[in-house]
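What follows is a short report on a single structure.
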Amino acid sequence: MDKITKALQKLNSKEKIQVRKILVLIKNNAYFGLDIKRLRGNQDIFRIRKGNIRIIFKKDQNKKIFVLAIERRSEKTYKKF
């Protein structure tokens, strides 16, 4: 089982629904209305904030999207990136 699947299992049902909606929006490149921000020191890594949940993803040159992490906000959330 991969890291993203494990992270989704840790969320409650309301949070899972919110994250799935956000992931669909990311997949369709529809960022309007999302709290999205580029991570400091990285040109291609972004975070989306939804309440206490953070979705960190990477965009490559071909506009492909890779979800790197789905976590609750803590002091360690951004240290890996």
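Listed values, structure above:
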{"item": "Residue among PHE46, PHE32 that is free of Cβ contacts under 8 Å to residues at least 60 places away in the same chain, among the aromatic types (Phe, Trp, Tyr) and touching a Lys or Arg at 6+ places or on another chain (Cβ under 7 Å)", "result": "PHE46"}
{"item": "First in the stretch 1-19 and closer than 15 Å to GLY51 by Cβ and among the basic types (Lys, Arg), second anywhere and in a helix (DSSP H, G or I) and at pLDDT below 90, Cβ under 9 Å, 6 or more apart", "result": "LYS16/LEU8; LYS16/GLN9"}
{"item": "Residues that are in contact with a strand residue (DSSP E or B) (Cβ under 7 Å, 6 or more places away or on another chain) and of a type in the set (A, V, I, L, M, F, W, C), drawn from the stretch 24-50", "result": "ILE26, LEU34, ILE36, LEU39, ILE45, PHE46, ILE48"}
{"item": "Strands (runs of 3 or more DSSP E) within the stretch 14-81 that include 1 or more residues among the aromatic types (Phe, Trp, Tyr)", "result": "45-50, 53-59, 65-72"}
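The values are calculated or read from the model by the stated rules, or taken from the named source; none is laboratory data. What you see is a predicted model; the values in this text were computed from it and never measured. Here the Cβ is made from the backbone with ideal geometry for all residues, glycine too, and neighbour counts use every protein chain on show.
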